[in-house]
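Colleague: Below you'll find the structure I mean.
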Amino acid sequence: MSTTGWDVEPGRELRHLRAIHPSHEELRELSRSLALHQSLLHQLQAPDFAPGAVEFPRQFLIRFNIPVSGEDGDLRWERLDVVLADDAVLTVEPFPLELVERARARFLRRERPGGIDRFLAILVEEVVDGFGTRWGSIREELQGLETQGLRASAGALGAVGKAHTEMAELLRGLQAARECLEQLTRGRSRRIGDVAIAELLASLDRLKGLTETVVQVREHLAGLSEQAAATSVEVSAESPEVIETAIALGERRLHRMTVAHAITAFIGGLAVSFGGVAMAWTAGPWTHVLDQSQAHLLGSIAFPIGFIILIVGKGELFTENFFVPVTGVMSGRGRLRDLFLLWGSTLAFNLVGAVVFAFLISRPGVLADGARHFLVELVKEKVFVPLPVAFMKAVFAGWLMTMLTWLLLAARGQGARMLIIWMMGFLISAGHFNHVVISAAEVFMAMGVGAPVSVGEWARLNFLPALLGNLVGGIIFVTLLGYVQAHSLRRSEQRARGAVRRRETHH
């Protein structure tokens, strides 16, 4: 902690006190020397208070979140507290921030430095400059992507997702800074003079302009993640790149509660039902030659047709939302409430689509006798099994479906994608795994052609264990493990780059 005296006006001295990562004891000592209000001291000691401006008797506290680039180049936030007292300015910093040094130098260079409020205005300009600098670095990354034309590369998709994530984080910081300045200028505290207010308003206008620019670029970038995925041709992306892309897409999906979302889920229920029909049509004619298990294995070769229709046709299944939106919530880009609403609406409209499809396909004469017989026997095997078995088969179904989402984000090239879709569809079908929507579609079709299964039996013996098992398999064995893996890899890369930079600096 250092103290510097500034001669501001004849007969009056303005003190500038800097507390660099102070302990509670140091803060209490400062509190006694400046006669800080007890509530103000409490806020200085509590780092969880939000950015903003708070006025106390004869004192003022302004808190900023400062954008800082880490050794790895990622954006992080550091807290800067500024206390205005009668004849002193106190800055509480996590480490010696250069912007405070620059603000001090600019203040001293003025012919008529003014009072404490003028130093605050200069400091705010430096804070705004920091936001502009950070935005400039993001723009450079985006210009590099535009120069490449988003050509196929292992990092293209991850770079787009990373830029999208950084812009969302920057916008949150800009909004907090704007609210702080609006408090300062709107309140017109007697401690802030007209000249300082004018300077603060100019900084506020700069923040508003910067915010509008970031919003416009971010909206333009929103579709580039999908474009990069469609144009990439390399084998696969790295785990951190997949997670970054999933976070960016997850934020969009969590806020897509529209009629279009309901229709997409309805189409998903219709599309995936074609898989069960393709399996029944393929296996049905062989049921008089092969036993049920052999015919089922043969039909499993055709089952992935439903997945291809689902994914290429842009439908959506309930279990597809175990990875992308969950990572959005885990990264702080969405709320649990939105996730539960997304899950509930998707599952509901998936089931409605499956019911409609089952009603249409079970009309007399649509399915041959062999296909009808195969569906009835298949559903008996799926519904009338012990609950622990149904649950464990559901765990694997959720695991495979969520892994399918991961692999499609990581894969490069349509050929690889088609192979992945077929592979996962075959495994789910051949293993008799219990997917909550797919099994429901098969049960509804079988009920339509006379299977001895009631709605209550389906709900109790198949739907509930499938729902719980899918959640466990998808979220725990893919989403959580993948998120931890990506985070660990990213941290390792950051440490390695930091070590390289330190060696270069040393040499």
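Colleague: I want to confirm something. Restricting to the range 403-436 and keeping residues that are of a type in the set (S, T, N, Q) and modelled with pLDDT of 95 or more, which single residue is surrounded by the fewest Cβ atoms within 10 Å (Cβ to Cβ)?
Modeller: So, considering only residues that are of a type in the set (S, T, N, Q) and modelled with pLDDT of 95 or more, the one surrounded by the fewest Cβ atoms within 10 Å (Cβ to Cβ) is Ser429.
Colleague: Something else now. Of the residues that sit in the range 287-297 and are closer than 16 Å to Ala368 by Cβ and buried (at least 17 other Cβ atoms within 10 Å of the Cβ), which one is modelled with the highest pLDDT?
Modeller: My answer is Ala295.
Colleague: Then there's this: Please determine, by comparing only the residues of the range 118-144 that are polar (S, T, N, Q) and within 14 Å of Val68 (Cβ to Cβ), which one is nearest to the chain's Cα centre (by Cα).
Modeller: Ser137
So that you can scan it fast, the table gives a plain yes or no per residue for (1) part of a helix (DSSP H, G or I); (2) farther than 15 Å from Met279 by Cα:
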position	(1), (2)
Ala348	yes, yes
Pro364	no, yes
His373	yes, no
Val385	no, yes
Val389	yes, yes
Ala416	yes, yes
Ile421	yes, yes
Phe426	yes, no
Asn434	no, yes
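Colleague: For the range 437-471: of the residues being crowded, with 16+ Cβ neighbours inside 10 Å and β-branched (Val, Ile, Thr), which is farthest from the chain's Cα centre (by Cα)?
Modeller: The extreme case among them is Val449.
Colleague: Going by what's in this entry, would Glu71 be described as of a type in the set (D, E, K, R) and modelled with pLDDT under 80?
Modeller: Here the answer is yes, as Glu71 does meet what is asked.
Colleague: Here's a follow-up. Could you check the range 316-340 and list, in sequence order, the residues that are touching a Gly at 6+ places or on another chain (Cβ under 6 Å) and surrounded by fewer than 23 Cβ atoms within 10 Å (Cβ to Cβ)?
Modeller: Correct list: Gly334 only.
Colleague: Based on what the data block shows, is Val124 buried (at least 20 other Cβ atoms within 10 Å of the Cβ), out of contact with any Asp or Glu (no Cβ under 8 Å at 6 or more places or on another chain) and in contact (Cβ under 8 Å) with a residue 24 or more places away in the chain?
Modeller: no
Colleague: Still on this structure, please answer the following. Condition (residue is surrounded by 13 or more Cβ atoms within 10 Å (Cβ to Cβ), small (Gly, Ala, Ser) and at pLDDT below 65) applied to the range 202-216: is it met by at least one residue?
Modeller: Within the range 202-216 (the criterion being surrounded by 13 or more Cβ atoms within 10 Å (Cβ to Cβ), small (Gly, Ala, Ser) and at pLDDT below 65), the answer is no, since none of the residues qualifies.
Colleague: Considering only residues that are outside any helix (DSSP H, G or I) and not aliphatic (A, V, I, L, M), which ones fall in the range 436-462?
Modeller: Passing the criteria: Gly450, Pro452, Ser454.
Residue by residue, here is whether (1) within 24 Å of Phe107 (Cβ to Cβ); (2) at pLDDT 85 or above holds:
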{"site": "Asp7", "(1), (2)": "yes, no"}
{"site": "Pro10", "(1), (2)": "yes, no"}
{"site": "Arg15", "(1), (2)": "yes, no"}
{"site": "Ser23", "(1), (2)": "no, yes"}
{"site": "Ser31", "(1), (2)": "no, no"}
{"site": "Leu40", "(1), (2)": "yes, no"}
{"site": "Gln43", "(1), (2)": "no, no"}
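Colleague: Here's a follow-up. Mind counting the residues in the range 287-314 that are in a helix (DSSP H, G or I) and either in contact with a Phe, Trp or Tyr (Cβ under 9 Å, 6 or more places away or on another chain) or polar (S, T, N, Q) (or both)?
Modeller: 14
The values are calculated or read from the model by the stated rules, or taken from the named source; none is laboratory data. Note that the structure is predicted; figures quoted are calculated from it, not measured. As a convention, Cβ positions derive from the backbone with ideal geometry for all residues, glycine included, and neighbour counts pool all protein chains shown.
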